[in-house]
Amino acid sequence: MESLLQRIVETGSMIAILDITGVPTVDTLVAQHLLKTVAAARLMGADCIISGIRPQIAQTIVHLGVDLNSVTTKSTLADAFAVALRRANLRVVSTAPVRPVGGPMTPQEDL
Amino acid sequence: MSVERIPILKMGAFLLVSIQVDMHDRLALQLQEDLTTRIAETGAHGVLIDISALEMVDSFIGRMLGNIAGMSRVLDADTVVVGMRPAVAITLVELGMSLPGVRTALDVERGMALLASAAGERYASDHADGA
């Protein structure tokens with residue numbers, strides 16, 4: 001928790017993504033700790049997005065009665081990153097030249 | 001003997017409070033009193049509280065921040081708390097005070113932007129009602 005909050009201060013980040021894809025199981029203590037981290041980051045002025053929650057973890061979280069309603073959750077890190085870009089009013093665009101009509105290249109859809 | 005006070009600066013439609021000293025309980029109560037008076041006097045639409053110099057908080061100070069936000073809300077002003085240190089944030093969360101009614105920002109600049117956008121929305125909604 002401390003290291004995330006410290007990095008938020010150092011980098012001036014407005015959004016933090018917590019990706020827990022590599023976490024196989026979660027107990028109440030870990031879930032509560034995640035929630036505390038999200039709350040602390042919000043107090044400092046940064047939003048948190050949690051991504052990569054496994055089905056088993058989702059079941060555990062609901063069965064344990066942990067309230068994640070106030071937290072943005074996304075299924076993959078890519079989804080979370082897309083949300084973060086949108087919130088920061090940023091977008092990724094292709095630098096490839098747009099081909100003439102009928103060409104195979106079309107501008108990338110916005111994320 | 002004059003009482004120690006925390007200065008409240010007026011910046012346009014907003015009030016700026018920068019806490020640069022260690023908060024003790026009497027100072028906090030004095031601030032609460034002064035701030036509500038100033039909001040009423042000036043008709044400010046936003047209050048920005050900079051706590052970047054605050055190194056320690058207790059439950060009393062935490063509750064005071066929540067109270068100030070609640071009072072400002074009643075007086076038709078938004079509150080943004082900016083520059084909270086990691087240690088302070090952790091303490092407040094561990095105390096079970098996640099200050100749900102308080103808006104937050106990383107620094108004064110972003111806090112001001114937040115207040116300005118809130119003021120813009122307020123203006124838009126006020127004028128939508130009258131139209």
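The values are calculated or read from the model by the stated rules, or taken from the named source; none is laboratory data. Values in this document were obtained by computation on a predicted structure and should not be read as measured data. Neighbour counts are summed over all protein chains in view; Cβ atoms, including those assigned to glycine, are modelled from backbone coordinates with ideal geometry.
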Worksheet item: Regarding B:Ile68, is this residue away from every other protein chain (no Cβ under 14 Å), among the hydrophobic types (A, V, I, L, M, F, W, C) and under 25 Å from A:Ala39 (Cβ atoms)?
Response: yes
Worksheet item: Could you list, in sequence order, the residues of the stretch B:87-110 that are among the aliphatic types (A, V, I, L, M) and facing chain A (nearest Cβ under 7 Å)?
Response: B:Ala89, B:Ile90, B:Leu92, B:Val93, B:Leu99, B:Ala105, B:Leu106
Worksheet item: From B:Ala118, B:Ala128, B:Ala113, which residue is more than 8 Å from chain A (Cβ to nearest Cβ), part of a helix (DSSP H, G or I) and touching a strand residue (DSSP E or B) at 6+ places or on another chain (Cβ under 6 Å)?
Response: B:Ala118
Discussion item. For a quick check of your reading: which helices (runs of 4 or more DSSP H) sit entirely within the stretch A:1-100 and have at least 1 residues that are out of contact with any strand residue (DSSP E or B) (no Cβ under 8 Å at 6 or more places or on another chain), within 14 Å of another protein chain (Cβ to nearest Cβ) and surrounded by 12 or more Cβ atoms within 10 Å (Cβ to Cβ)?
Written reply: A:2-11, A:28-44
Item to complete: Sort out which residues of the stretch B:51-90 are polar (S, T, N, Q) and surrounded by fewer than 20 Cβ atoms within 10 Å (Cβ to Cβ), and write them in order of number.
Response: B:Ser52, B:Ser59, B:Asn67
Worksheet item: Among the residues of the stretch B:72-110, how many are part of a loop (DSSP other than H, G, I, E, B) and either under 26 Å from A:Gln32 (Cα atoms) or over 14 Å from the mean Cα position of the chain (by Cα) (or both)?
Response: 12
Practice prompt. Would you mind finding the one in B:Leu27, B:Leu35, B:Leu9, B:Leu16 that is surrounded by 14 or more Cβ atoms within 10 Å (Cβ to Cβ), free of Cβ contacts under 8 Å to residues at least 24 places away in the same chain and over 22 Å from A:Val71 (Cα atoms)?
Written response: B:Leu27
Discussion item. I'd like the full set of residues that are under 19 Å from A:Ile8 (Cβ atoms) and at pLDDT below 90, limited to the stretch A:48-75.
Written reply: A:Ser70, A:Val71
